[in-house]
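A quick write-up on the structure given underneath.
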Amino acid sequence: MASLNTQSRKHARRQQIRPLAGSLLALAIGFGVATAHADDALPKLPSKTPLKVGFAQTESNNPWRLAETKSFKDIAAKCGWQLVMTDANSSNSKQVSDIQNMIAQHVDLLVFPPREEKPLAPVVLQAKKAGIPVILVDRDVDQSVAKAGRDYITFIGSDFIDQGHRAADWLVKATGGKAKIIELEGTTGASAANDRKKGFDEIIAKNPGMTIIASQSGDFARDKGRQVMETLLQAHPDVTAVYAHNDEMALGAIAAIKAAGKQPGKDIQIVTIDGTKGGMDAIAAGELGASVQSSPFFGPLACDVAQRYAKGEKIPTWVKVSDRFYDKSNVQQNMQYGY
Ligand code: AHR
């Protein structure tokens, strides 16, 4: 679900950052040459079939990533796209070089989820300089380096801050406003991790009975989440709640909690984000309390945006995706949305 005319506070903030007239953006120390004139128009997108589209994935180590990649494969033929696909295997530098290879191949359009906000920003400017339009999906880049509407067409994605708010609101209710929380953060430097932390921590700070006793990255990965939780459980045996930035880390935490002889969902309340099939099954089993959905189905949205852009339509700088919410009250009737 998404709307092309959605406004938001973050979007409004972006609009306030005006480029200095006539200035050059000096960029990318350590990431290769990337200078772009702030006032240059965005590259045009030809209306042709097939359109050569580069999709540079970050990694393929969880159901969310697999569902995202599948949504691009599924839409390609229907959208008239000839896809060039890469997988960065959880490496920022590989994702940058994958994208640089696509630029060298002169793809018509680049679509990608930037693994981290800062390291992936300069390559957006390199694409612009090469005359290739870019759509960012899922995660965004550092707006002080590359800016939506000026350096790339748009960001299509969820409101990660709001996801953090929704997770925290659920946890406050579920614990009666009293909890000692371990936070399992996503990939350090990823917009999804930065903003999910910001949103959650904001609400917790307003609840004096709720304390974040430890917060550490599990890199959005199940086994890393399990290992981190195992260590933190030893250091903080008094923990009563877990907030994981994604379902995979929550599932890893559940394994660690059980291994420590505690009952997830009873001794320790767990809230998370994604709405994967595995997460929804854990809610049904009573081990996971709730999951805020984070939709990975960007293929059709990117196709729609690209077609509108090619026709000359004005695209908002943020195409915001709205997400569902699952807990024990509604998980069974929503199982068809799991992935
Ligand atoms: O950026 C979205 C996050 O990335 C998803 O929550 C996570 O599962 C994925 O790896």
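A few comments on the model shown:
- Against the main long axis of the alpha-carbon atoms of the chain, helix 299-310 sits at an angle near 30°.
- Degrees between helix 191-205 axis and first principal axis of the chain (Cα, 0 to 90, nearest 10): 40
- Normalised by the number of residues in the range 160-294, the mean separation of alpha-carbon contacts (under 8 Å, six or more apart) gives a relative contact order of 25 percent.
- Segment ALA104-SER91, length gained on full extension (0.36 nm per residue, minus Cα span): 2.7 nm
- Carbon-plus-sulfur accessible fraction, the chain (probe radius 1.4 Å, protein heavy atoms only): 53%.
- Two-site FRET efficiency, LYS258 against LYS48, from Cβ-Cβ distance with R₀ of 56 Å, rounded to 0.05: 0.55
- In order along the range 269-278, the Karplus-derived 3J(HN,Hα) couplings, from 6.51 cos²θ - 1.76 cosθ + 1.60 at θ = phi - 60°, round to 7, 10, 10, 8, 9, 1, x, 6, 4, x Hz, and Gly and Pro are given as x.
- Straight-distance crosslink candidates among lysines, where the alpha carbon sits under 26 Å from LYS178 and sequence neighbours closer than 8 are dropped: LYS197, LYS198, LYS206, LYS258, LYS262, LYS266, LYS328
- Between the amide H of SER215 and those of GLU183, distances stay under 5 Å, these residues lying 5 or more places away or on another chain, with hydrogens modeled in the peptide plane.
- Label point distance in nm, LYS277-ALA77, each placed 7 Å from Cα along Cα→Cβ: 2.2
- DSSP-defined antiparallel bridges as percent of all bridges, the range 241-339, nearest 5: 25
- Looking at the range 195-339, the accessible area is 41 square angstrom per residue; that uses a 1.4 Å probe and ignores ligands, DNA and RNA.
- Per-residue ellipticity at 222 nm from helix content only, as computed over the chain with -39500 (n - 2.57) for each DSSP H run of at least four residues, stands at -11500 deg cm²/dmol.
- Lys, Arg +1 and Asp, Glu -1 on Cβ, resulting dipole of the chain about Cα centre, debye, nearest 20: 660
- For the range 223-243, the residues whose amide N sits under 14 Å from a probe point set 7 Å from the Cα of ASN207 along the beta carbon direction are 240-243.
- The overall shape of the chain, judged from the alpha-carbon gyration tensor, is prolate: a/c is not under 1.5, and a/b is greater than b/c.
- Degrees, to the nearest 10: 222-235 long Cα axis against longest axis of the chain: 40
- Inter-label distance for SER144 and ASP267, nm, one decimal - labels placed 7 Å from Cα along Cα-to-Cβ: 4.4
- In Å², nearest 10: area of GLU116 left accessible to a 1.4 Å probe: 40
- The mean sequence distance of close C-alpha pairs (under 8 Å, at least 6 residues apart), as a share of the length of the chain, puts its relative contact order at 19 percent.
- The protection proxy used here, the mean number of other Cβ atoms lying within 10 Å of each residue, ranks peptides 266-275, 86-95, 323-332 as follows, highest first: 266-275, 86-95, 323-332.
The values are calculated or read from the model by the stated rules, or taken from the named source; none is laboratory data. The model shown is predicted, which means the values in this text are computed figures rather than measured ones. So basically every Cβ, Gly included, is an ideal-geometry build from the backbone, and we count neighbours across all protein chains shown. Side chains included, ligands, DNA and RNA excluded: accessible areas come from the protein's heavy atoms. Shrake-Rupley method; radii C 1.70, N 1.55, O 1.52, S 1.80 Å.
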